[in-house]
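Report on the structure given below.
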Amino acid sequence: MLTLYHCNGARSMRSLWLLNEMGIDFELKELTFSMEGLRTPEYLAISPLGRVPCLVDGDVAVFESGAIAQYLGEHYDPEGKLHRPVGHAERTEWLIWLHYAETMAVHGASLVQQRVFIAKEDRSPVVQKLESRRLEKSLEVVDKHLADRDYLLKSGFSTVDTNVGYSVHLAKGFVSLDPFPNVVKYYERISVRPAFIKAAASVPLNEQAPKRA
Ligand SMILES: N[C@@H](CCC(=O)N[C@@H](CS)C(=O)NCC(=O)O)C(=O)O
């Protein structure tokens, strides 16, 4: 049985959404998004940086949401319904978007830090402006790419949509999607999927109350 370690609204939503899309059985372990929740010796033993997500499959522990998407595809999607294996015509494109998801999320994470973890007086307007701008630039690339397709890969919804899709979900808490009409339509498309709705039932990090404002 697979076990997913997850925090409400965090990047682990990607893995939760993907597991829901795949329709496989798993146990969900929700941790609180705090030092107490994430830095216990038990959790650090499987996820050494104490971050989410982490997927445990028997005696294998996989951390990093990109690695989890690839692992699930390789081990649990033999027909390649959502995965794009080596040799598939879209493999390289799939690989690029899998990693691009993190390029986007890093800017969102930096903005979460500013808004949720740093006391108001210590927040940096420069960092917030720079990271918002860089997030917008990353959305611009996705917008252009989506001009001739419904999902990131022309063949249809795949594991990269859960990873980039979460980054868009996170981004929209900080910047407007309006200048990116293809991204707006994309978000409308992905956010009505039952697997997304189930995974997003919690409050996203960017909408949670500041811890120390
Ligand atoms: N690149 C990693 C990032 C994991 C990560 O930083 N997760 C955040 C939540 S979005 C976390 O656990 N943060 C807790 C902390 O920084 O203490 C991934 O994609 O899994």
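Within the range 91-106, being open to solvent by 60 Å² or more (accessible area, probe 1.4 Å), more than 10 Å from the ligand (Cβ to nearest atom) and farther than 20 Å from GLY80 by Cα holds for one residue alone: THR103. Criterion first (open to solvent by less than 60 Å² (accessible area, probe 1.4 Å), outside the structural domain of LEU153 (by TED's automatic domain parsing) and touching a Cys at 6+ places or on another chain (Cβ under 6 Å)) does SER65 satisfy it? In short, no.
Restricted to the range 49-61, and to residues there that are open to solvent by 20 Å² or more (accessible area, probe 1.4 Å) and more than 8 Å from the ligand (Cβ to nearest atom), the residue that is nearest to SER15 (Cα to Cα) is VAL56. From the list GLU140, GLU90, GLU136, the lone residue that is under 23 Å from ASN182 (Cα atoms) and touching a Leu at 6+ places or on another chain (Cβ under 6 Å) is GLU90.
So that you can scan it fast, the table gives a plain yes or no per residue for (1) among the charged types (D, E, K, R); (2) under 24 Å from VAL168 (Cα atoms); (3) within 8 Å of the ligand (Cβ to nearest atom):
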position: ALA10; (1), (2), (3): no, yes, yes
position: ARG14; (1), (2), (3): yes, yes, yes
position: ASN20; (1), (2), (3): no, yes, no
position: ASP25; (1), (2), (3): yes, no, no
position: LEU28; (1), (2), (3): no, yes, no
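Elements of the type helices (runs of 4 or more DSSP H) sitting completely within the range 1-100 and holding at least 2 residues that are of a type in the set (Gly, Ala, Ser), at pLDDT 95 or above and in contact with a helix residue (DSSP H, G or I) (Cβ under 9 Å, 6 or more places away or on another chain): these cover 12-22, 65-76. When the range 68-89 is filtered for residues that are away from the ligand (no atom under 13 Å from the Cβ) and either surrounded by 18 or more Cβ atoms within 10 Å (Cβ to Cβ) or within 18 Å of the chain's Cα centre (by Cα) (or both), the ones remaining, listed by number, are LEU72, GLY73, ASP77, LEU82, HIS83, ARG84.
Among the residues of the range 150-157, are any within 16 Å of the ligand (Cβ to nearest atom) and out of contact with any Phe, Trp or Tyr (no Cβ under 8 Å at 6 or more places or on another chain)? Give the steps one after another, and end with the answer.
Step one: filter the range 150-157 for residues within 16 Å of the ligand (Cβ to nearest atom), giving none.
No, there is no match, as no residue in the range 150-157 is within 16 Å of the ligand (Cβ to nearest atom) and out of contact with any Phe, Trp or Tyr (no Cβ under 8 Å at 6 or more places or on another chain).
Residue pairs whose Cβ atoms lie under 6 Å apart, separated by 6 or more positions or on different chains, with the first residue in the range 71-88 and over 20 Å from LEU4 (Cβ atoms) and the second assigned to a loop (DSSP other than H, G, I, E, B), are ARG84/GLU90.
Among residues of the range 127-165 being touching a helix residue (DSSP H, G or I) at 6+ places or on another chain (Cβ under 7 Å) and in contact (Cβ under 8 Å) with a residue 60 or more places away in the chain, the one that is surrounded by the fewest Cβ atoms within 10 Å (Cβ to Cβ) is LEU153. Scanning the range 116-126 for residues that are of a type in the set (A, V, I, L, M, F, W, C) and open to solvent by 30 Å² or more (accessible area, probe 1.4 Å) yields PHE117, ILE118, VAL126.
The values are calculated or read from the model by the stated rules, or taken from the named source; none is laboratory data. On a predicted model such as this, the values are computed, not experimentally measured, just so you know. A quick note on method: Cβ atoms are made from the backbone with ideal geometry, for glycine too, and the neighbour counts reach across all protein chains shown. Note: areas computed on protein heavy atoms with side chains; ligands, DNA, RNA excluded. Shrake-Rupley method; radii C 1.70, N 1.55, O 1.52, S 1.80 Å.
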